[in-house]
1. Evaluate the following for Arg61: is it assigned to a helix (DSSP H, G or I), of a type in the set (Lys, Arg), closer than 20 Å to Arg4 by Cα and touching a residue at least 40 places away in the same chain (Cβ under 8 Å)?
2. Determine, yes or no, whether Trp112 is outside any loop (DSSP other than H, G, I, E, B) and under 30 Å from Leu6 (Cβ atoms).
3. Evaluate the following for Ser86: is it polar (S, T, N, Q) and under 15 Å from the mean Cα position of the chain (by Cα)?
4. Enumerate the pairs (first residue in segment 123-139 and polar (S, T, N, Q); second residue anywhere and assigned to a helix (DSSP H, G or I)) with beta-carbon separation below 7 Å, excluding pairs fewer than 6 apart on the same chain, so at least 6 apart or on different chains.
5. With the condition kept exactly as written, say whether any residue in segment 58-65 is surrounded by 16 or more Cβ atoms within 10 Å (Cβ to Cβ) and at pLDDT below 95.
6. Out of the residues in segment 66-91 that are of a type in the set (Lys, Arg) and assigned to a helix (DSSP H, G or I), state the one that is surrounded by the most Cβ atoms within 10 Å (Cβ to Cβ).
7. So which pairs qualify, if the first residue must be in segment 4-30 and closer than 28 Å to Ala69 by Cα, the second must be polar (S, T, N, Q) and at pLDDT 85 or above, the Cβ gap must be under 7 Å, and the two must be at least 6 apart or on different chains?
8. Test Ser42 against the criterion of being more than 22 Å from Trp131 (Cα to Cα) and either touching a residue at least 40 places away in the same chain (Cβ under 8 Å) or part of a loop (DSSP other than H, G, I, E, B) (or both), and give yes or no.
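The values are calculated or read from the model by the stated rules, or taken from the named source; none is laboratory data. This structure is a prediction, so every number in the text was calculated from the model and none was measured. As a convention, Cβ positions derive from the backbone with ideal geometry for all residues, glycine included, and neighbour counts pool all protein chains shown.
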Amino acid sequence: MIERVLLNLDVGLSGAILRVALGAALVFALHPLVPGVGLAASAVSLAVMLFGLKAFAAVARKVLPATPAVRARWEWRRNLARNYDSYQWRKLVWLGVGILAAAGASRQQGAWEISLGTACILSGAIAEVAWRRKGLTTVPPGGG
C-alpha cells in the first residue's frame, strides 16, 4: 500500500490534484503576505515554490523507507526530468489551473493571477504536446 502511494503521489490524478492545490495555495498565501503583489514578484514566488518542492523531494527520497523498486522508479523519473524539459514543464498546466481557480475564488484577485495562471497553462500545454510527441512514459520498460 505504501509502495503504491509513493509511486503514484506525483503522477496521474493525484499529481494533478497536488499541483492544483499548490497553485491555489500560492495565490492564497501571496495575498496576505505580499499585498499588491505584481506579476514579476508572483512569478518569482512560483519559481521559489518549485525549487522548494525539488528540495523537499530530494530530502524525502533520502529519509523515506522506500523499496528498491520504488527507488528505481524515482530514479527513472529523475532521469526523464534531466533529459526532457517537457517532462517537468508539462506539470505547469495543473499549477495554472490552481492559480486561476483560486483567482476566481479570491475577492482580492489581481491581474497577476490571470497572467501567471494563463502562462502556466499555455507553457504546460506546449510541453505536454512535446512530451507526447516523444512517445515516452513515466514507467520504465518492463514496468520496473
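1. Values: assigned to a helix (DSSP H, G or I): yes; of a type in the set (Lys, Arg): yes; closer than 20 Å to Arg4 by Cα: yes; touching a residue at least 40 places away in the same chain (Cβ under 8 Å): no.
No: the conditions fail for Arg61.
2. Working: outside any loop (DSSP other than H, G, I, E, B): yes; under 30 Å from Leu6 (Cβ atoms): no.
Criteria not met by Trp112.
3. On the way: polar (S, T, N, Q): yes; under 15 Å from the mean Cα position of the chain (by Cα): yes.
Criteria met by Ser86.
4. Ser123/Trp89; Ser123/Leu92; Thr138/Arg77; Thr138/Leu80
5. Of the residues in segment 58-65, the ones surrounded by 16 or more Cβ atoms within 10 Å (Cβ to Cβ) are none.
No, because not a single residue in segment 58-65 is surrounded by 16 or more Cβ atoms within 10 Å (Cβ to Cβ) and at pLDDT below 95.
6. Start the filter on segment 66-91 by keeping residues that are of a type in the set (Lys, Arg), which leaves 71, 73, 77-78, 82, 90-91.
Narrowing further to those that are assigned to a helix (DSSP H, G or I): 71, 73, 77-78, 82.
Working: Arg71: 13, Arg73: 22, Arg77: 18, Arg78: 14, Arg82: 10.
If we take residues in segment 66-91 being of a type in the set (Lys, Arg) and assigned to a helix (DSSP H, G or I), then Arg73 is surrounded by the most Cβ atoms within 10 Å (Cβ to Cβ).
7. If the second residue must be polar (S, T, N, Q) and at pLDDT 85 or above, the pairs left are Asn8/Ser14.
8. Working: more than 22 Å from Trp131 (Cα to Cα): yes; either touching a residue at least 40 places away in the same chain (Cβ under 8 Å) or part of a loop (DSSP other than H, G, I, E, B) (or both): yes.
Considered against the rule, which asks whether it is more than 22 Å from Trp131 (Cα to Cα) and either touching a residue at least 40 places away in the same chain (Cβ under 8 Å) or part of a loop (DSSP other than H, G, I, E, B) (or both), Ser42 comes out as yes.
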